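One structure is given below, encoded as structure tokens.
The values are calculated or read from the model by the stated rules, or taken from the named source; none is laboratory data. Keep in mind that what you see is a predicted model, and the values were worked out from it rather than measured. Don't worry about glycine lacking a Cβ; one is built from the backbone with ideal geometry, like all the others, and counts go over all protein chains shown.
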Amino acid sequence: MNKRGKCGNEDKAAMSLSGTLPKLPSIRELIKIYGLSAKSQLSQNFILDKNITDKIVRTASLSAATPLVVEVGPGPGLLTRSILDSGAPNVVAVEKDDRFQPTLRQLSVASGHRLKVLQGNMLEIPHQEILAAGNMTTKPIDTINAPIHIMGNLPFNVASPLLVQWLHMLANREGVFNCYDRDVWMTLMFQKEVGERLSAATSTSNRGRLAVMAQSLCHVKTVYQVPSTVFVPKPKVDASVVQLIPRKSFSENDMAGVYPVLENILRYFFTKRRKTVGHILRRLSKEQPATSALMAELETILDFKARPEDVPNEQFCEAAKLFHQHNIVTLPL
């Protein structure tokens with residue numbers, strides 16, 4: 001590194017051959033140099049221990065064969081460094097806060113431009129821009145059809161909206177989720193409570209709408225617990241790294257039209273979670289008479305004596321397909 005913090009040509013050449021980054025200032029040093037601090041209004045919390053981010057990346061099994069990694073909210077870039085150290089050849093970081101552009105641009109140069117940085121809100125940025133930045137507008141030549149990855153220490157205030165958006169895009173096979181028939185694995189950090197809700201099993205207290213939405217499309221598991229003490233500033237709660245891998249059965253069933261119906265059914269059911277399925281459906285038939293004709297068939301799909309958290313994902317999906325077939329798309333609030 002020269003005094004201005006940029007890589008020399010020899011460093012970059014060595015990096016491009018080995019897939020590892022040259023010596024860089026620590027994230028603590030960069031935060032001090034650039035006067036960076038976490039903004040509470042953006043729910044920012046930094047991880048400063050690379051051992052932690054290396055462990056998170058190992059759970060994703062990234063390698064030089066990974067065609068694209070999309071990182072959301074990289075901040076000063078420590079998780080980004082761990083991703084690049086895995087050998088991933090194309091990394092696109094989407095960052096809303098322009099204060100982090102200098103540190104991320106420096107990291108892009110140090111990586112031989114394996115890292116591309118897009119400034120914007122991940123909820124709004126066109127996925128075609130991400131695919132173009134990640135060299136995915138033409139099909140990569142490989143023999144293993146490795147999955148694309150989405151990763152990120154998600155700001156707590158937008159984590160759930162982002163995930164719901166991605167689940168809808170997965171169901172509709174849109175954007176990054178419609179890239180040459182590749183699976184898209186998501187390895188994401190949430191508040192521990194959200195992680196528990198996402199991975200909640202049937203008949204457990206944490207089970208709700210978000211669990212069924214996620215588990216209907218993906219295998220969901222918590223792969224790493226992150227204590228609040230590793231963050232700066234320290235949040236009030238611990239975090240969980242949750243991995244979502246698309247189900248093979250999803251690829252065999254068209255969920256594009258059914259998925260919004262499923263979301264509406266889940267919202268209706270779980271706002272009445274202490275009631276039985278039968279009670280909820282009888283109320284629905286009064287509020288939306290068109291559903292009355294489906295009651296006999298619904299009773300063959302759902303256990304009317306169960307409560308919503310006791311209903312398996314597959315049964316909710318079958319109910320949603322039945323509603324969709326009869327063009328019952330929206331439900332009362």
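The rows are residues; the columns are (1) outside the structural domain of residue 77 (by TED's automatic domain parsing); (2) touching a strand residue (DSSP E or B) at 6+ places or on another chain (Cβ under 7 Å).
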position: 233; (1), (2): no, no
position: 240; (1), (2): no, yes
position: 263; (1), (2): yes, no
position: 270; (1), (2): yes, no
position: 273; (1), (2): yes, no
position: 295; (1), (2): yes, no
position: 316; (1), (2): yes, no
Item to check | Sole residue being of a type outside the set (Lys, Arg) and farther than 25 Å from residue 53 by Cα, chosen from 160, 205, 111 | outcome: 205
Checklist entry - Counting only residues that are of a type in the set (S, T, N, Q) and in contact (Cβ under 8 Å) with a residue 40 or more places away in the chain, which one in the range 144-163 is farthest from residue 183 (Cα to Cα)? => result 157
Checklist entry - Considering the range 200-221 alone, what residues qualify as being part of a strand (DSSP E or B) and either touching a residue at least 24 places away in the same chain (Cβ under 8 Å) or among the hydroxyl-bearing types (Ser, Thr, Tyr) (or both)? => result 218, 219, 220
Checklist outcome for this item: For the range 164-174 the number of residues that are touching a helix residue (DSSP H, G or I) at 6+ places or on another chain (Cβ under 7 Å) and buried (at least 20 other Cβ atoms within 10 Å of the Cβ) is 3
Item to check | Residue ranges of helices (runs of 4 or more DSSP H) in the range 239-297 with at least 2 members modelled with pLDDT of 95 or more | outcome: 258-270, 277-287
Checklist entry - What is the one condition in (1) without any contact (Cβ under 8 Å) to a residue 12 or more places away in the chain; (2) not in a loop (DSSP other than H, G, I, E, B) that residue 236 does not satisfy? => result (2)
Checklist entry - Which of the residues that make up the range 231-267 are touching a Pro at 6+ places or on another chain (Cβ under 9 Å) and buried (at least 21 other Cβ atoms within 10 Å of the Cβ)? => result 239, 266
Checklist outcome for this item: Of the residues in the range 268-296, those that are surrounded by fewer than 13 Cβ atoms within 10 Å (Cβ to Cβ), of a type in the set (D, E, K, R) and over 31 Å from the mean Cα position of the chain (by Cα) number 2
Checklist outcome for this item: Selection over the range 108-130 where residues are among the charged types (D, E, K, R) and touching a Leu at 6+ places or on another chain (Cβ under 7 Å) yields a count of 2
Checklist entry - Scanning for something of a type outside the set (Lys, Arg), on the phi > 0 side of the Ramachandran plot and not in a loop (DSSP other than H, G, I, E, B), does the range 175-197 turn up at least one residue? => result yes
Checklist entry - Right, residue 197: of a type outside the set (Val, Ile, Thr), touching a residue at least 12 places away in the same chain (Cβ under 8 Å), closer than 21 Å to residue 318 by Cα and buried (at least 19 other Cβ atoms within 10 Å of the Cβ) or not? => result no
Item to check | Matching option when the condition is under 30 Å from residue 58 (Cβ atoms) and under 27 Å from the mean Cα position of the chain (by Cα), among 239, 320 | outcome: 239
Next on the checklist: Looking for something at pLDDT 95 or above and within 21 Å of residue 175 (Cα to Cα) - is there at least one such residue anywhere in the range 78-88?
Outcome noted: yes
Checklist outcome for this item: Output for Cβ contacts, cut-off 6 Å, separation at least six or different chains, first residue assigned by TED's automatic domain parsing to the domain that holds residue 169 and more than 23 Å from residue 72 (Cα to Cα) in the range 126-142, second surrounded by fewer than 12 Cβ atoms within 10 Å (Cβ to Cβ) and modelled with pLDDT of 95 or more, reads none
